[in-house]
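The values are calculated or read from the model by the stated rules, or taken from the named source; none is laboratory data. Treat the numbers as computed from the prediction; the structure is a model and nothing was measured. In this analysis, Cβ positions are derived from the backbone assuming ideal geometry, glycine residues included, and neighbour counts consider all displayed protein chains. Only protein heavy atoms, including side chains, enter the accessible area calculation; ligands, DNA and RNA are left aside. Shrake-Rupley method; radii C 1.70, N 1.55, O 1.52, S 1.80 Å.
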2 protein chains.
Amino acid sequence: MALSREQVVATAVDLLRRYGLGDLTMRRLARELGVAPGALYWHVANKQELLVEVADALLAEIAVPPPGQPPEEALAGLAVSLREALVQVPDAADVVGLAYAVEPGATRALRELARLVHDTGVPASERDKVAALVVHHVLGSVAGEQNRGLAARADPELSPPDPAGEAKAFEVGLAVILRGVTR
Amino acid sequence: MALSREQVVATAVDLLRRYGLGDLTMRRLARELGVAPGALYWHVANKQELLVEVADALLAEIAVPPPGQPPEEALAGLAVSLREALVQVPDAADVVGLAYAVEPGATRALRELARLVHDTGVPASERDKVAALVVHHVLGSVAGEQNRGLAARADPELSPPDPAGEAKAFEVGLAVILRGVTR
DNA sequence: ACCTGAACACCGTTCAAGT
DNA sequence: ACCTGAACACCGTTCAAGT
């Protein structure tokens, strides 16, 4: 059966999850799919486009918070699940950061985040800025934790990051933002 | 005259400034220095170590705010000059992000930032977290603006980022953080 | 001590030619 | 429409051998 774009993206996500960005190469991906490297370029314009698709796929899995909560709570919950989903995937911050710059509102989760910021009563002129601030905090925290993990694996002097502590640190930062937003 | 580690790092910074991370390759760097690629490995263990040195060099140029100001003002000023210095350098956020994860307090500028956070009266347990939040905001904003610039150059549909607007957006986010910190 | 030459095991991308 | 084979122009890193 012929290859499909969906299949290419799904296998790329799988490769990222299992081995990280360093092993997500067009040649490796082609091998995994049992085709020649050139075949991929019929389904995808280039690697950059593929990575944007991968980011969208990662974000598509994030559950949007149920309605009925106060917006501050929903926003915090969404930010936390965003972070939780991304820490599991090596180099997720790099991949999502790229996609976010290219198309900030491309995924449901990110649009929902912007909407919740709006609902907290932030003035219209600051809406996007605060949303960006939250996204930066998520991506920065994820990148930081993952990089500390890599550094610890390379150097036995360093202690590996404690997942619970990292989660707590993230929530402290998030609380600062929310406090600053609601006067 | 023999090559020196300082010379290698300085030329790497120059290459980054002029052409970005994509052209900062060990081979390109060697060519620029008029040596064989292997020669670099006598001065530097590997590319990753070189990039940490490059990040340190970029941060070393940032002026620490003069004493006498209220800490909130000094902190904001430092964050702004940090951002201003880094936006000028292509891919600076990636490079500095790496170094920050490996060694958060390695440079004067970043240690000063942590100190100023402390001076604003943030409880000791939250000091590092708030400092990290500010750094994430700086790096995220820089990466965002640079990526939007690249995207606009690739796709004429998109309008290029407005530097003044980006600076304003950054300051709005920063103000939110500072408001959240000072109750 | 410091560097060259040459190799090893890779990359992303293109494109004529095949089916 | 979809893919292969082969090439082009690169990578980071190692290491014997030279000076």
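State the number of residues belonging to the stretch B:139-173 that are of a type in the set (A, V, I, L, M, F, W, C), open to solvent by less than 60 Å² (accessible area, probe 1.4 Å) and at the interface with chain A (Cβ under 9 Å from one of its Cβ atoms).
6
Take the residues of the stretch A:2-29 that are near DNA strand C (Cβ under 8 Å from one of its atoms) and basic (K, R): which is nearest to the chain's Cα centre (by Cα)?
So the first thing to find is which residues in the stretch A:2-29 are near DNA strand C (Cβ under 8 Å from one of its atoms), and the list is A:23-29.
Those still in the list that are basic (K, R) too: A:27-28.
Values: A:R27: 24, A:R28: 23 Å.
Step by step, filter the stretch A:2-29, then rank; the result is A:R28.
If you go through the stretch A:152-183 one residue at a time, how many are in contact with an Asp or Glu (Cβ under 7 Å, 6 or more places away or on another chain), under 18 Å from A:V117 (Cα atoms) and in a loop (DSSP other than H, G, I, E, B)?
Here the count works out to 1.
Scan the stretch B:30-43 residue by residue and report those that are within 8 Å of DNA strand D (Cβ to nearest atom) and open to solvent by less than 70 Å² (accessible area, probe 1.4 Å).
B:A30, B:A36, B:P37, B:G38, B:A39, B:L40, listed by residue number.
What number of residues within the stretch A:93-129 are facing chain B (nearest Cβ under 10 Å), of a type outside the set (A, V, I, L, M) and open to solvent by less than 30 Å² (accessible area, probe 1.4 Å)?
Total satisfying the criteria: 1.
Go through the stretch B:89-119 residue by residue and tally those that are part of a loop (DSSP other than H, G, I, E, B) and touching a residue at least 60 places away in the same chain (Cβ under 8 Å).
Selection size over the stretch B:89-119: 3.
Under 7 Å by Cβ, and 6 or more places apart or on different chains, what pairs join a residue from the stretch A:34-54 that is more than 14 Å from A:A99 (Cβ to Cβ) and part of a helix (DSSP H, G or I) with one that is more than 14 Å from DNA strand D (Cβ to nearest atom) and not hydroxyl-bearing (S, T, Y)?
Within 7 Å, no pair qualifies.
Among the numbered criteria (1) more than 16 Å from DNA strand D (Cβ to nearest atom); (2) not assigned by TED's automatic domain parsing to the domain that holds B:V138, which one does B:G105 miss?
The one condition B:G105 does not meet is (2).
Only one of A:E73, A:E84, A:E61, A:E32 is over 16 Å from the mean Cα position of the chain (by Cα), charged (D, E, K, R), away from every other protein chain (no Cβ under 14 Å) and away from DNA strand C (no atom under 16 Å from the Cβ). Can you tell me which?
On inspection, the qualifying residue turns out to be A:E73.
Assess whether B:R83 counts as being away from DNA strand D (no atom under 16 Å from the Cβ) and either outside the structural domain of B:E166 (by TED's automatic domain parsing) or within 17 Å of B:L116 (Cβ to Cβ) (or both).
Taking the combined requirement at face value, the residue satisfies it.
Select from the stretch A:45-73 the residues that are polar (S, T, N, Q) and away from DNA strand D (no atom under 16 Å from the Cβ) and write down the one among them that is least open to solvent (accessible area, probe 1.4 Å).
Out of the qualifying residues, it is A:Q69.
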